[in-house]
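What follows is one structure encoded as structure tokens, with my remarks underneath.
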Amino acid sequence: MSLQSILSKLRENDIFKGWQEAHKEVKLVHLFTMLETGTESKLDIGFYDYNSEKMTSFTMDENVESVEQRTDEEVFKKEDDQILPLEEDKIKIDMLQACDICSKVQQEEYSIHKPMKQVIILQHLSIGQIWNITYITKQFKTLNFKVDAENGNVIEHKLHEIFSFDK
């Protein structure tokens, strides 16, 4: 499902409409989900209020039918870090396309590292608007991809150890 479809469903929801009426200055800053075989995934859509410096998230089920609002929360970030708003009109690659792109790279370059879980975040970083997708693998490593949300180019991919033990 495209970001525009997800946001359209959210914006039709009465809970969101009521909240947005009182929060006109907020900006969309992230979409987050975790995918794991056999479990229902939920979408977390975050909006940032630059005046209060608080985040409000809305959680939707995978069918985008039920919506829950999470209370305003302070954002943990370094003092110099900026939270950049997403520019919806520039997001051309949807979540499934980004996942397919990552899956191809994983199969070609990291085939022995089979994913058990995927953590998916759409965010706007200094390098641009990206799908930041992390696989947690059966070998207890993380495989992280950054995919440009406008053109689908893989900006980077790296394999990391989750645990490292000193001798």
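Residues that are without any contact (Cβ under 8 Å) to a residue 40 or more places away in the chain and touching a helix residue (DSSP H, G or I) at 6+ places or on another chain (Cβ under 9 Å) number at least 2 in the following strands (runs of 3 or more DSSP E) confined to segment 1-118: 42-49. In summary, residue 32 fulfils each of the numbered conditions (1) modelled with pLDDT under 90; (2) under 16 Å from the mean Cα position of the chain (by Cα) with the single exception of condition (1). Counting just the residues of segment 122-165 that are touching a residue at least 60 places away in the same chain (Cβ under 8 Å) and surrounded by 18 or more Cβ atoms within 10 Å (Cβ to Cβ), which one comes out farthest from residue 84 (Cα to Cα)? Step by step, filter segment 122-165, then rank; the result is 122.
Output yes when any residue across segment 102-109 is surrounded by 11 or more Cβ atoms within 10 Å (Cβ to Cβ), under 30 Å from residue 19 (Cβ atoms) and of a type in the set (S, T, N, Q), and no when none is. No, every residue in segment 102-109 fails to be surrounded by 11 or more Cβ atoms within 10 Å (Cβ to Cβ), under 30 Å from residue 19 (Cβ atoms) and of a type in the set (S, T, N, Q). Of everything in segment 1-58, what is polar (S, T, N, Q) and surrounded by fewer than 18 Cβ atoms within 10 Å (Cβ to Cβ)? Give them in sequence order. Listed by number, the residues that qualify are 2, 4, 5, 8, 20, 37, 39, 41, 51, 52. Scanning segment 85-102 turns up no residue that is of a type in the set (S, T, N, Q) and more than 14 Å from the chain's Cα centre (by Cα).
Tell me yes or no: at least one residue of segment 109-131 is more than 25 Å from residue 42 (Cβ to Cβ), over 19 Å from the mean Cα position of the chain (by Cα) and of a type in the set (A, V, I, L, M, F, W, C). Scanning segment 109-131 turns up at least one residue that is more than 25 Å from residue 42 (Cβ to Cβ), over 19 Å from the mean Cα position of the chain (by Cα) and of a type in the set (A, V, I, L, M, F, W, C).
The values are calculated or read from the model by the stated rules, or taken from the named source; none is laboratory data. This one's a predicted model, so the numbers in the text were calculated from it and none came from an experiment. Here the Cβ is made from the backbone with ideal geometry for all residues, glycine too, and neighbour counts use every protein chain on show.
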